[in-house]
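The values are calculated or read from the model by the stated rules, or taken from the named source; none is laboratory data. A quick note: this is a predicted structure, and the numbers were derived from the prediction, not measured. We place every Cβ from the backbone using ideal geometry, glycine too, and count neighbours over all the protein chains shown.
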């Protein structure tokens, strides 16, 4: 009995060793990873001008949009300027104030286009006035001081467009731009707009346009040969009497 017991123990021991040798093994593992978060920027362009108010539908309708500080606070993406007139048959409104653009967003934006629209009543007199008067749009990021007597160009000014309002209303966009670029967190630009008939604009003079991307923007449209010669516009005619035109200047920005 004793010998049998010993023999069986030996067999069990061998069986156990056989199981361990057939099924046990070791694998070393290691991992690395990198994570990157991508977020889209937020352009936030606002307008302000002396005497301006926020247009209806903004965050704070009626609140002034008169400074770079108030413009973002009041969501001044659209502003209304004081009306001018009544004017005679020969007139030049001259810019009452500069219209300032500020980029309060966290990415740069580039001015891409300007669109002119007319939201007046559409009467015969309104339509005649719109067809007979001219518009001057100048961009002036400088000091606003004339660099030559009576030349109509402010220091550093670029004549973006100058000519018949009807030309700007008919084109889509009215003016194609390639800049300038407004830096993030406070980049600015400034422009002036005036309307005239029967005389040249005190702001734009006899220049169609002199920007690097807007040169002769309208002259080829008004006169088939571009650049066309400058012609002082005629005075308003009798059918324009009593007319009223509400012109909106809309800037488009790319980012």
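Among the listed residues 254, 194, 189, identify the single one that is touching a residue at least 40 places away in the same chain (Cβ under 8 Å), touching a strand residue (DSSP E or B) at 6+ places or on another chain (Cβ under 9 Å) and closer than 15 Å to residue 129 by Cα.
Exactly one of 254, 194, 189 is touching a residue at least 40 places away in the same chain (Cβ under 8 Å), touching a strand residue (DSSP E or B) at 6+ places or on another chain (Cβ under 9 Å) and closer than 15 Å to residue 129 by Cα, namely 194.
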Legend entry - Flag if residue 116 is closer than 30 Å to residue 198 by Cα, crowded, with 18+ Cβ neighbours inside 10 Å and modelled with pLDDT of 85 or more: yes
Inset, instruction - Could you tell me which numbered condition residue 149 fails, if it satisfies all but one of (1) modelled with pLDDT of 90 or more; (2) farther than 24 Å from residue 47 by Cβ; (3) out of contact with any helix residue (DSSP H, G or I) (no Cβ under 7 Å at 6 or more places or on another chain)? - result: (1)
Legend entry - Given (1) touching a strand residue (DSSP E or B) at 6+ places or on another chain (Cβ under 8 Å); (2) at negative phi, index of the condition residue 82 fails: (1)
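For region 159-181, what are the residues that are assigned to a strand (DSSP E or B) and crowded, with 22+ Cβ neighbours inside 10 Å?
Step one: of region 159-181, the residues assigned to a strand (DSSP E or B) are 159-164, 175-176, 181.
Residues satisfying the conditions are 159, 160, 161, 162, 163, 175.
Looking at 51, 62, 41, 121 in this structure, which one is surrounded by 11 or more Cβ atoms within 10 Å (Cβ to Cβ), touching a strand residue (DSSP E or B) at 6+ places or on another chain (Cβ under 8 Å) and assigned to a loop (DSSP other than H, G, I, E, B)?
Numbers: 51 fails: touching a strand residue (DSSP E or B) at 6+ places or on another chain (Cβ under 8 Å); 41 fails: touching a strand residue (DSSP E or B) at 6+ places or on another chain (Cβ under 8 Å); 121 fails: touching a strand residue (DSSP E or B) at 6+ places or on another chain (Cβ under 8 Å).
Exactly one residue qualifies, and that residue is 62.
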